[in-house]
1. Here are the criteria: (1) in a helix (DSSP H, G or I); (2) closer than 30 Å to residue 25 by Cα. Tell me which single one residue 89 does not satisfy.
2. Given the structure, is residue 50 surrounded by 10 or more Cβ atoms within 10 Å (Cβ to Cβ) and either touching a residue at least 12 places away in the same chain (Cβ under 8 Å) or out of contact with any helix residue (DSSP H, G or I) (no Cβ under 7 Å at 6 or more places or on another chain) (or both)?
3. Evaluate region 8-19: report whether one residue or more is exposed (fewer than 10 other Cβ atoms within 10 Å of the Cβ) and either part of a helix (DSSP H, G or I) or in contact with a strand residue (DSSP E or B) (Cβ under 8 Å, 6 or more places away or on another chain) (or both).
4. Of these, 41, 64, 75, 50, which one is at pLDDT 90 or above and assigned to a loop (DSSP other than H, G, I, E, B)?
5. Restricting to region 59-78, count the residues that are surrounded by 13 or more Cβ atoms within 10 Å (Cβ to Cβ) and either out of contact with any strand residue (DSSP E or B) (no Cβ under 9 Å at 6 or more places or on another chain) or on the phi > 0 side of the Ramachandran plot (or both).
């Protein structure tokens with residue numbers, strides 16, 4: 001194998017390694033934020049009965065929770081986009 005071929009092979013291996021590392025980082029980020037959203041959905045569901053209705057007496061707490069979690073979800077989205085953007089090549 002010539003020096004050029006060796007260099008080409010080394011570059012391909014480095015790119016493949018970098019792509020694998022990047023994919024792992026992205027997967028870890030997505031898993032983290034999906035878990036956060038699943039937990040929010042789980043808590044919201046505790047206010048609902050089997051038919052998805054919320055008791056009138058629970059509506060104020062439910063509304064506050066949904067509002068708070070809506071804000072938290074938007075904050076998570078901004079944070080996630082920032083982290084994903086940081087992974088992009090300059």
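The values are calculated or read from the model by the stated rules, or taken from the named source; none is laboratory data. None of these values were measured; they are calculated from a predicted model. Every residue, glycine as well, gets a Cβ built from its backbone with ideal geometry; the counts of neighbours run over all protein chains shown.
1. Tallying (1) in a helix (DSSP H, G or I); (2) closer than 30 Å to residue 25 by Cα, residue 89 fails exactly one: (1).
2. no
3. The answer is no, given that none of the residues of region 8-19 is exposed (fewer than 10 other Cβ atoms within 10 Å of the Cβ) and either part of a helix (DSSP H, G or I) or in contact with a strand residue (DSSP E or B) (Cβ under 8 Å, 6 or more places away or on another chain) (or both).
4. Numbers: 41 fails: assigned to a loop (DSSP other than H, G, I, E, B); 64 fails: assigned to a loop (DSSP other than H, G, I, E, B); 75 fails: assigned to a loop (DSSP other than H, G, I, E, B).
Residue meeting the stated conditions: 50.
5. Taking region 59-78 and keeping what is surrounded by 13 or more Cβ atoms within 10 Å (Cβ to Cβ), we get 62, 65-66, 69, 72-73, 76.
Subset that is either out of contact with any strand residue (DSSP E or B) (no Cβ under 9 Å at 6 or more places or on another chain) or on the phi > 0 side of the Ramachandran plot (or both): 65-66, 69, 72-73, 76.
Looking only at that region, the number is 6.
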